[in-house]
Amino acid sequence: MFKRILIANRGEIAMRIIRTCRRMGIETCVVHSTADRESLPVRMADVAICIGPGPAKQSYLNINNIIAAAELADVDAIHPGFGFLSENSHFAQVVRDCKIEFIGPTSESMEALGNKAKAKTLAQAAGVPTVPGSLGPVNDSDEALKVAHAIGYPVLIKATAGGGGRGMRVAHNDASLVSGLMQAQREAEAAFGNADCIIEAFVQRARHIEIQIIGDQHGNVLALGERDCSTQRRHQKLIEESPSPVITPEIRANMCADAVKLAKAAKYYNAGTIEFIFDLDRKAYFFLEMNTRIQVEHPVTEMVTGLDLIRMQIEVAAGQPLAIKQEDVKCKGHAIEVRVNAEDWQNNFSPCPGKIGMYVAPSGKGVRVDSHCYAGYVIPPNYDSMIAKLIVHGKDRAEAIQFLELALSEYIIEGPKTTIGFHQRILKDARFLNNEVTTKFVDDVFFKA
């Protein structure tokens with residue numbers, strides 16, 4: 001087992017990894033920017049090394065500085081968390097070339113599955129249902145128009161690299177397709193350094209459901225149930241829950257089996273998430289993409305399965321076989337996660353960095369808070385605005401919603417505006433309570449112009 005792990009990330013995910021490492025008796029080294037000098041992970045890690053100024057390109061995305069810190073701290077492995085370099089196949093290969101273990105999949109698997117076009121081709125070859133559309137990136141607007149005319153409008157323009165809703169547009173006619181493709185390509189080039197986009201049919205009434213998988217280096221792959229991430233704004237997830245309240249046990253079993261099939265086809269190991277779109281009208285699901293890293297919403301799966309996914313990641317990276325089999329995976333109760341962000345949700349979710357005054361997190365039965373914040377902490381303007389992830393677990397969905405309402409009412413964060421009020425509004429909406437949500441629910445109901 002590893003003696004010391006470098007965490008190439010920040011914020012709550014860095015704290016999450018530190019806590020598991022402590023339980024495993026593993027020392028941690030946290031790299032940080034000057035903007036995060038007073039952050040909680042820096043205070044809690046065994047070793048902290050500054051790798052550059054606030055802008056991520058000069059610190060958390062600076063591969064040379066991270067490798068130099070890893071060698072200085074004499075670490076055995078690097079955990080990338082999520083975001084930043086977590087899905088960068090070049091970084092993963094550089095880490096391994098330096099005789100340091102990368103806690104994630106191989107660079108080959110990342111390239112095969114991290115690129116949406118390549119992943120779709122692999123899924124088709126493995127017999128996993130995919131959304132009708134282009135087989136690879138479209139070269140120009142003429143090619144995009146041919147695909148759109150073949151499958152019919154509306155269509156989704158989607159960048160092949162990255163995620164988080166960037167490089168995505170919905171087109172309802174030729175004019176919006178041509179302009180949307182140009183916008184998506186520019187956005188994708190700026191965000192990911194890759195302007196390639198694919199065109200797919202846009203499912204009108206859809207749920208976004210993802211399967212958490214984990215594989216070891218001995219050919220074993222487990223499906224750890226699903227998460228329903230349909231409550232989202234502009235393709236950015238806001239609320240995640242497990243199990244999905246709209247799919248049947250048969251559909252769940254088929255989705256899990258297809259997720260495992262795809263992971264094995266790619267010779268994938270470590271944690272990953274295979275995302276599907278579920279067509280509510282046809283009661284059919286289609287492969288969307290795969291995230292070759294741990295997800296922001298992984299605590300939802302941990303709450304219903306009782307597993308520690310970060311620990312499993314570390315053990316797999318160390319070459320250990322998975323300690324459980326598929327039949328050992330038992331999902332109990334219902335879990336929901338909301339992201340508490342420093343954002344003014346009534347003003348287009350604009351970021352609200354700044355100093356936190358009083359900070360009191362909720363607690364009690366079925367309540368978990370993953371956070372890096374504290375009273376007096378200054379939220380820097382350089383990164384995402386997440387303050388915490390609030391996760392609850394109840395015996396069923398109704399109890400989980402009740403626990404979440406109580407927890408949100410107990411949260412005290414003075415200073416920056418937060419998204420707590422938005423989540424409280426969602427939880428009172430009859431459509432959310434009655435499982436009538438689609439991926440367009442938030443945009444159509446709360447923010448439609």
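Is it true that some residue in segment 305-315 is in a strand (DSSP E or B), at pLDDT 95 or above, outside the structural domain of residue 161 (by TED's automatic domain parsing) and in contact with a His (Cβ under 6 Å, 6 or more places away or on another chain)?
no
Can you find, within segment 276-327, the residue that is surrounded by the most Cβ atoms within 10 Å (Cβ to Cβ) among those that are farther than 30 Å from residue 156 by Cβ and among the small types (Gly, Ala, Ser)?
317
So which residues in segment 393-425 are over 17 Å from residue 245 (Cα atoms) and basic (Lys, Arg), if there are any at all?
417, 425, listed by residue number.
Does segment 347-362 contain at least one residue that is in the same structural domain as residue 223 (by TED's automatic domain parsing), more than 21 Å from residue 420 (Cα to Cα) and of a type in the set (Lys, Arg)? Before you say what the answer is, go through the steps one by one.
Applying the first criterion (in the same structural domain as residue 223 (by TED's automatic domain parsing)) to segment 347-362 yields 347-362.
Remaining after also requiring more than 21 Å from residue 420 (Cα to Cα): none.
No, segment 347-362 has no match at all.
Any residue at all in segment 231-254 that's outside any helix (DSSP H, G or I), within 21 Å of residue 114 (Cβ to Cβ), of a type in the set (Gly, Ala, Ser) and touching a strand residue (DSSP E or B) at 6+ places or on another chain (Cβ under 9 Å)?
No, segment 231-254 contains no residue that is outside any helix (DSSP H, G or I), within 21 Å of residue 114 (Cβ to Cβ), of a type in the set (Gly, Ala, Ser) and touching a strand residue (DSSP E or B) at 6+ places or on another chain (Cβ under 9 Å).
When the residues of segment 202-236 are filtered to those that are of a type in the set (Lys, Arg) and surrounded by 23 or more Cβ atoms within 10 Å (Cβ to Cβ), which remaining residue is farthest from residue 134 (Cα to Cα)?
Among them, the one singled out is 227.
Rundown of residues vs (1) among the hydroxyl-bearing types (Ser, Thr, Tyr); (2) within 20 Å of the chain's Cα centre (by Cα), yes/no style:
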{"residue": "175", "(1), (2)": "no, no"}
{"residue": "208", "(1), (2)": "no, yes"}
{"residue": "232", "(1), (2)": "no, yes"}
{"residue": "248", "(1), (2)": "yes, no"}
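Tally the residues that are at pLDDT 90 or above, of a type in the set (Gly, Ala, Ser) and assigned to a loop (DSSP other than H, G, I, E, B), restricting the search to segment 135-162.
1
Within segment 409-433, take every residue that is of a type in the set (A, V, I, L, M, F, W, C) and under 18 Å from residue 296 (Cβ atoms) and give me the one that is modelled with the highest pLDDT. Walk me through it before giving the result.
Step one: of segment 409-433, the residues of a type in the set (A, V, I, L, M, F, W, C) are 412-413, 420, 422, 426-427, 430, 432-433.
If we keep only those that are under 18 Å from residue 296 (Cβ atoms) too, we end up with 420, 422, 426.
Details: 420: 98, 422: 95, 426: 95.
The extreme case among them is 420.
Show the residue pairs meeting these rules: Cβ distance below 7 Å; 6+ apart or different chains; first residue within segment 283-308 and over 14 Å from residue 209 (Cα atoms) and in contact (Cβ under 8 Å) with a residue 24 or more places away in the chain; second residue among the aliphatic types (A, V, I, L, M) and part of a loop (DSSP other than H, G, I, E, B).
Once the first residue is over 14 Å from residue 209 (Cα atoms) and in contact (Cβ under 8 Å) with a residue 24 or more places away in the chain and sits in segment 283-308, its partners that are among the aliphatic types (A, V, I, L, M) and part of a loop (DSSP other than H, G, I, E, B) give 305/329.
Of all residues in segment 200-226, count the ones that are modelled with pLDDT of 95 or more and part of a strand (DSSP E or B).
Residues that pass the stated criteria total 15.
Would you point out which residue out of 165, 127, 104 is in a loop (DSSP other than H, G, I, E, B), surrounded by fewer than 22 Cβ atoms within 10 Å (Cβ to Cβ), in contact with a strand residue (DSSP E or B) (Cβ under 6 Å, 6 or more places away or on another chain) and not β-branched (Val, Ile, Thr)?
165
Could you pull out every one of the helices (runs of 4 or more DSSP H) wholly within segment 340-449 that has 1 or more residues that are of a type in the set (Ser, Thr, Tyr)?
In segment 340-449, the matching helices (runs of 4 or more DSSP H) lie at 397-410.
Count, please, the residues in segment 172-183 that happen to be in contact (Cβ under 8 Å) with a residue 12 or more places away in the chain and either of a type in the set (Phe, Trp, Tyr) or within 16 Å of residue 153 (Cβ to Cβ) (or both).
Total satisfying the criteria: 7.
For (1) touching a Lys or Arg at 6+ places or on another chain (Cβ under 9 Å); (2) outside the structural domain of residue 276 (by TED's automatic domain parsing); (3) closer than 17 Å to residue 266 by Cα; (4) assigned to a helix (DSSP H, G or I), each residue gets a yes or a no:
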| position | (1), (2), (3), (4) |
| --- | --- |
| 68 | no, yes, no, yes |
| 72 | no, yes, no, yes |
| 78 | no, yes, no, no |
| 82 | yes, yes, no, no |
| 86 | yes, yes, no, no |
| 91 | no, yes, no, yes |
| 108 | yes, yes, yes, yes |
| 113 | no, yes, yes, yes |
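The values are calculated or read from the model by the stated rules, or taken from the named source; none is laboratory data. Just so it is clear, the structure is predicted and the values come from calculations on it, not from any experiment. Cβ coordinates were reconstructed from backbone atoms using ideal geometry, including for glycine residues, and neighbour counts include every protein chain displayed.
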